[in-house]
Amino acid sequence: MNEQEEKRQARLRAMREADSRADGDIGRPAVVGAPAVAEQERREEVPEEVVFEASHLNLYYGNTQALHDINMKIYRNKVTAFIGPSGCGKSTFLRCFDRMNDLIDGCRVTGELRYGGVDINTINPILLRSRVGMVFQQPNPFPMSIRDNITYGPRCQGIKDRKYLRQLVVDSLNEGALYSEVKDRLRSSALALSGGQQQRLCIARCVAMKPDVILMDEPTSALDPIATKRIEELIQKLKEKYTIIIVTHNMQQATRVSDYTAFFMLGKLVEFAPTSEFFSHPKEKASEDYITGRFS
Amino acid sequence: MNLDQELKFIGDELEKMFSLTREFLRRSLVYYLSDGSERFDARIDDAMVNACERNVEAWCLSILLREKVYAADLRRVTGCLKLVTDIERIGDHARDIKDATEKLKSLGTSQGLDRAATQALVDFVLRMYDDAVRGFVRYDVALAEEVASHDNEVDEMYEKLLADLIAKTKDGVVSAEYAIYTSLVYKYLERIADHAVNIAEWTVFIKNGFHKDTVII
Ligand SMILES: Nc1ncnc2c1ncn2[C@@H]1O[C@H](COP(=O)(O)OP(=O)(O)OP(=O)(O)O)[C@@H](O)[C@H]1O
Ligand SMILES: [Mg+2]
């Protein structure tokens, strides 16, 4: 830690102490430091529940190593953003969480990834994927009705109760912030929806499986700014119930929606930090160069 | 222009403002401290300072509009946007001192002037401003912190001069008009020191994100 960083930390400590001393004192200024700082302080006080933990994780496509010794935690009810230049391994790492890499020929993983403390390789992949949902860059609704898109997964799990399914459609579409727009055409094709609506349908479809974690790989990069804003607001709401990991190339999106940011380069995790810290005081030079656009 | 060039342009414009206001201030104070009928050397005015301020503001805002700035860049742009106001104010006070001096000269007397003590305050304030500027230009946080630490000393010098002036007024050594305009000059000097402190504090912010005792980002 350099001298300036030490001073900064000392100020933060002093602020925190002054803050706790002044508790309940109406006279003090309402805002001491940015809200981001206050939030970060709280974070330090309450230990967070770890949902996923990667330790010494390596991934190979054939003979090429795509991920190098990744050590990282994913926290419950938080949004974690993965950022980094194209090809750095964000999608590859994301696919580890639902074991989608298992389906790729020649792909091999070493090290450990634990879900709720359990090695994910010991969990039935089908079960794992019902707990860990994925939303892709290109909205990919099934070529069936809006309603059937939602009920398809639960039906495959053997749920037949029509009343339950009817309610599930309403609830999931509400959670996907789509219900009011489609409530009169639940039986029409999902492919007739706009791109932004399709993406929200995909989120609703994911939510209908009652997952624990939602993975999103550049979920808004095919959408216009308004549709993007709706999805971002939705993510903020969803994190109250779910743990979210989002890959994004849009750094403003990362600052808007995420609590933690992980920055990758060439298959390595360069820095992991609270998002507000990461974008204001990155610790690594490579991170600073990347976010300030001086990366070459 | 890329971002680095734009940041350099803003820095250059601020330095131009520094030297304009510094020279403006020097001339005002020479005028104030002179005892004869010297005329004010009026080749600099605050319109030039204001034009620089507009440039700095316009560039900072245009960067914020076009670019998404993070980390050190964000602190630099917002810090400059804050401290440009302080430089501009110092320019205003240079003009204020000149105006007050004109009033004083029209009274036709300088017998109440405590030259040594006033000169001491003037030197002290000018050094603070110079150091604040050097701290900013060289990115020297230690120097900036030192400038900020001199706040109280200026206040003490100011209080003492003021008390002295009050005593002289009560004793009838100086007229009420003289006392009022002189106290204004003291006040402007004290304000200039405050702005120098602000510049120093924003320099610290640009470097590490905290301002006074608060971590802003
Ligand atoms: N199925 C695969 N087989 C072989 N190599 C792959 C495969 N998928 C990805 N890779 C390689 O692994 C590396 C990481 O790719 P990945 O798709 O994870 O990057 P990314 O960070 O998601 O990039 P982008 O931002 O462009 O989506 C790249 O070099 C890529 O070529
Ligand atoms: Mg990818």
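Looking at this structure, is residue A:226 open to solvent by 10 Å² or more (accessible area, probe 1.4 Å), farther than 30 Å from residue A:50 by Cβ and away from ligand 2 (no atom under 16 Å from the Cβ)?
Yes; evaluated as a whole, the condition is true for this residue.
Residues to consider are B:108, B:79, B:36; find the one that is touching a residue at least 24 places away in the same chain (Cβ under 8 Å) and small (Gly, Ala, Ser).
B:79
Among the residues of segment A:83-103, are any in a strand (DSSP E or B), away from ligand 1 (no atom under 11 Å from the Cβ), touching a residue at least 40 places away in the same chain (Cβ under 8 Å) and within 14 Å of chain B (Cβ to nearest Cβ)?
Checked segment A:83-103: no residue is in a strand (DSSP E or B), away from ligand 1 (no atom under 11 Å from the Cβ), touching a residue at least 40 places away in the same chain (Cβ under 8 Å) and within 14 Å of chain B (Cβ to nearest Cβ).
What's the number of the only condition in (1) within 14 Å of chain A (Cβ to nearest Cβ); (2) open to solvent by 50 Å² or more (accessible area, probe 1.4 Å); (3) at positive phi that residue B:172 fails to meet?
(1)
Yes or no: segment A:66-75 includes at least one residue that is open to solvent by 40 Å² or more (accessible area, probe 1.4 Å), over 18 Å from the mean Cα position of the chain (by Cα) and within 16 Å of ligand 1 (Cβ to nearest atom).
Yes, some residue in segment A:66-75 is open to solvent by 40 Å² or more (accessible area, probe 1.4 Å), over 18 Å from the mean Cα position of the chain (by Cα) and within 16 Å of ligand 1 (Cβ to nearest atom).
Among the residues of segment A:135-154 satisfying the criterion of being within 16 Å of ligand 2 (Cβ to nearest atom) and polar (S, T, N, Q), which is most open to solvent (accessible area, probe 1.4 Å)?
Among residues in segment A:135-154 that are within 16 Å of ligand 2 (Cβ to nearest atom) and polar (S, T, N, Q), the one most open to solvent (accessible area, probe 1.4 Å) is A:138.
For residue A:255, all conditions in the list (1) within 16 Å of ligand 2 (Cβ to nearest atom); (2) assigned to a helix (DSSP H, G or I); (3) surrounded by fewer than 23 Cβ atoms within 10 Å (Cβ to Cβ) hold save one; what is the number of the exception?
(1)
Determine, yes or no, whether residue B:49 is assigned to a helix (DSSP H, G or I), modelled with pLDDT under 90, under 24 Å from residue B:124 (Cα atoms) and of a type outside the set (Ser, Thr, Tyr).
Judged against the criteria, residue B:49 is a match.
The values are calculated or read from the model by the stated rules, or taken from the named source; none is laboratory data. In this text, all values refer to a predicted model and were calculated from it rather than measured experimentally. Ideal geometry is used to build each Cβ from the backbone, glycine not excepted, and the neighbour counts take in all protein chains shown. Areas reflect the complete protein model, heavy atoms only, side chains present, ligands, DNA and RNA absent. Shrake-Rupley method; radii C 1.70, N 1.55, O 1.52, S 1.80 Å.
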